[in-house]
Each structure stands twice: as structure tokens, then as C-alpha cells.
Amino acid sequence: MRVLSGIQSSGALHLGNYFGAMKQHIELQHENECFYFIANYHALTTIQDAERLQQLTFDVAADYLALGLDPNRVAFFRQTDVPEVTELTWILATVTGKGLLERAHSFKDKTAKGLPVSMGLFCYPLLMAADILIYRSDIVPVGQDQVQHIEMTQDIAGYFNSTYGEVFVRPEPRLNQTPVVPGLDGQKMSKSYGNTIELFGDAGTIKKKIMSIKTDSTPVEAPKDPQRCNVFALLKLLASPEETAEWERRYRAGGMGYGEAKKRLAELYEEKFGRLRAQRAAWAARPDDVEDILRAGGKRARAVAQEVMESVRRACGLSARPR
Ligand code: ADP
Ligand code: TRP
């Protein structure tokens, strides 16, 4: 199976990214042909500061490597190292109705909030469709919020294939067990909501954040519903099934304060991610090696993309005339 996914370099990666997407990216690398990239063209829709974008792109690479992405198994690259995706974006735009893009949640949310919408944001799903289709990807592991974009990609592939013949493969989304990870305030954890717990934050800051997770005002003695608690939702991502069952029992029994669960969550976070800080620091100290990995991954990915683009150009009548 060919597996592909991307993550924008628009801010520090967090538990939502990890449990929603990256964890399965890393698991899938063992038995599939994987293409994972840093979506820095997409990030331009929010980050318009060269130095910052450069740094954030490097940070995403170092985070993935520290979490165990194996660059020998995976083609790991920067989206911009395969500029053919922008060419395909244009071609896909010509077979896609404007109405489809107007139905995208990301665009509708911003419009509803009265925020300015650039053409880049409006066309975001087209670029994402190009990312997916240009590698003939079978499976796209993502969090719940990206599923609509993949369904749009299926539609766009259909428009193209019915106009020009079967060039593209229909991709399928693939979700983790936790498709939506809540943030500190109970909304979806997201870089753009300021409610994140970063993967590589320092211990003190993370602990403070965890202690500030929003909970209801049920008194300590009263029984509590774990299914409605943001702390429990995060705890069960990090605790063993046995420990999770024990917390569930304690919530329902009453006599337990949310503070206790938060403290345990902070410990579990440290056990899992604290251990990886040294590896993260080691990658941060080897920027040239990270660059070499991204370039090599970009080369592998680009070779596939160029071949597919040849078929696309041929199908549309855009190829140079052979002599
Ligand atoms: P953000 O919303 O923080 O900007 P991205 O849009 O870059 O994150 O998401 C990268 C990947 O992580 C996507 O596959 C997305 O679905 C997943 N993801 C992000 N936040 C969450 C979350 N809170 N729960 C589950 N998956 C998430
Ligand atoms: N839009 C995705 C996000 O915000 C990132 C992304 C860009 C992506 N292109 C992709 C994800 C292709 C999967 C496949 O998370």
C-alpha cells in the first residue's frame, strides 16, 4: 500500500497531531511504502515571515525524527521540494467547480468569523488534492478534521478521470482510534486555538498547562463522568488499558479530585515525551543531517511525482510534441 500524509509547519506540534496523525504515520512505516512531508506551501496561508517559516519547518522535521520516523524506510520531505504539486494544483482547478471549494469547513469557518480569506486559503483543498494524487496514494492517515479534504480529493480525482481517463487512484482516509484530541479548553486541540500541549515543551511549562485544563465544578466527593472530562480524554491516550479502567472506576466512585488525575497525566506525559527530549535535542544539533534527509526524501518523492505528471500532461494534451 502507498501511504501519504502531510503536516503543516505552522506551529509547534502537539498531542493532537501526535495521537490524531503522527502516531499512525510512524506505525505504518514498517509495512508500507510511505511518503510523509512537511506542508510548507500550505503553511504560507498562515505564516508569512520567512525566518519563522524556515525554523518551523526544521522543527517539524526534528520532531518527527525524534519520535521515530525512519528516513531509510520513509520518503520524508518538504512539500516545496516537489514543485510539480503546484502545477497539478492548477490543472485540478480547471476540472473542479467553485462550489466544491465553497463547501470546505476551513474556508466556511473563517468566512463565518469574518476573517479575510486569501485565494491561497480558498484553494487549500486543491493543493492538498494535488499532494495526494501526485503520488497515487492509496491511504491517507489523518485526524478527523482532514477527512472532508480527502473526500474532496476523491471527488476531484473523479472529475479528472471522467474528463481525461483513469489517471488517478482513489485515496481513502484512515483515522486513529482517537480522531479528535481535545485541548486545554475542551475544543479540538489546535495550533490556531492556543490550547495545545506541545510534544517537546519543557517539563515546567507543560505541567502548568496540564494543571490548567478546564474541568467542571463537580465537588471532590461526588461521582464524575469520565466520558465528559478533558483530563480523562488525555489520560487514556497515555495510560495502559488497566490504569485507564482503574481511573474510570475512581471517577465514577467519587472521592477523587480532578487535580489528582491532572498530576498523573503530567507524570505520564513525562514518561512518554520527557524521555524523547534528548533525541529531539540531538537532531536539533545536526541541522545539516536533517537537511540531507529532507533532500534525499524530496528526490525520491519527486521522481514519482514527475512520472505521474507526465501521464497527466499526456492525458490533457499538454505534452511537448515528439519529433
Ligand atoms: P493544527 O490543527 O494544530 O493546525 P494540522 O492542521 O497541521 O494541526 O494537523 C496535522 C495533522 O494532525 C492532521 O492529520 C490533523 O487531522 C491532525 N490533528 C490536528 N489536531 C488534531 C486533534 N486535536 N485531534 C486529532 N487529530 C488532530
Ligand atoms: N491539510 C493538512 C493539515 O492541516 C496538511 C496536509 C497538506 C495534508 N497536504 C496533505 C495531509 C496531504 C494529508 C495529505 O493537517
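The values are calculated or read from the model by the stated rules, or taken from the named source; none is laboratory data. Keep in mind that this is a model prediction, so the values were computed, not measured. Neighbour counts are summed over all protein chains in view; Cβ atoms, including those assigned to glycine, are modelled from backbone coordinates with ideal geometry.
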#### Entry: Inter-residue pairs, beta-carbon under 7 Å, first over 12 Å from Leu235 (Cα atoms) and in the range 254-265, second in a helix (DSSP H, G or I), 6+ apart
Met256/Arg250
### Query
Counting residues that are within 16 Å of ligand 1 (Cβ to nearest atom), which helices (runs of 4 or more DSSP H) fully inside the range 73-136 reach at least 3?
105-112, 124-133
### Message
Is it the case, given these coordinates, that Gln29 is touching a strand residue (DSSP E or B) at 6+ places or on another chain (Cβ under 6 Å) and more than 15 Å from ligand 2 (Cβ to nearest atom)?
### Response
yes
### Task
Mind telling me which of the residues Lys188, Lys208 ends up being over 24 Å from the mean Cα position of the chain (by Cα) and not hydrophobic (A, V, I, L, M, F, W, C)?
Lys208
### Query
Does the range 258-279 hold any residues that are among the aliphatic types (A, V, I, L, M) and either closer than 15 Å to Asn230 by Cβ or surrounded by 15 or more Cβ atoms within 10 Å (Cβ to Cβ) (or both), and which are they?
Ala261, Leu265, Ala266, Leu268, Leu276
### Query
Restricting the range 171-190 to residues that are near ligand 1 (Cβ under 9 Å from one of its atoms) and not aliphatic (A, V, I, L, M), which is surrounded by the most Cβ atoms within 10 Å (Cβ to Cβ)?
Gly183
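If we scan the range 205-222, do we find a residue that is among the β-branched types (Val, Ile, Thr), within 14 Å of ligand 2 (Cβ to nearest atom) and either modelled with pLDDT of 95 or more or buried (at least 16 other Cβ atoms within 10 Å of the Cβ) (or both)? I'd like the intermediate steps shown before the answer.
First pass over the range 205-222, keeping only residues among the β-branched types (Val, Ile, Thr): 205-206, 210, 213, 215, 218, 220.
Next, only the ones that are within 14 Å of ligand 2 (Cβ to nearest atom) stay: none.
No, because not a single residue in the range 205-222 is among the β-branched types (Val, Ile, Thr), within 14 Å of ligand 2 (Cβ to nearest atom) and either modelled with pLDDT of 95 or more or buried (at least 16 other Cβ atoms within 10 Å of the Cβ) (or both).
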## Note on the structure
Of (1) crowded, with 16+ Cβ neighbours inside 10 Å; (2) within 27 Å of Ala301 (Cα to Cα), Met119 satisfies every one except (1)
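Please pick out the residue among Phe168, Phe200 that is surrounded by 13 or more Cβ atoms within 10 Å (Cβ to Cβ), more than 11 Å from ligand 1 (Cβ to nearest atom), within 24 Å of Tyr64 (Cβ to Cβ) and among the aromatic types (Phe, Trp, Tyr). Break it down into steps so the answer makes sense when it comes.
Details: Phe168 fails: within 24 Å of Tyr64 (Cβ to Cβ).
So the residue among Phe168, Phe200 that is surrounded by 13 or more Cβ atoms within 10 Å (Cβ to Cβ), more than 11 Å from ligand 1 (Cβ to nearest atom), within 24 Å of Tyr64 (Cβ to Cβ) and among the aromatic types (Phe, Trp, Tyr) is Phe200.
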## Note on the structure
Going through the range 286-323 in order, the residues found to be outside any loop (DSSP other than H, G, I, E, B), in contact with a helix residue (DSSP H, G or I) (Cβ under 7 Å, 6 or more places away or on another chain) and among the polar types (S, T, N, Q) are Gln306
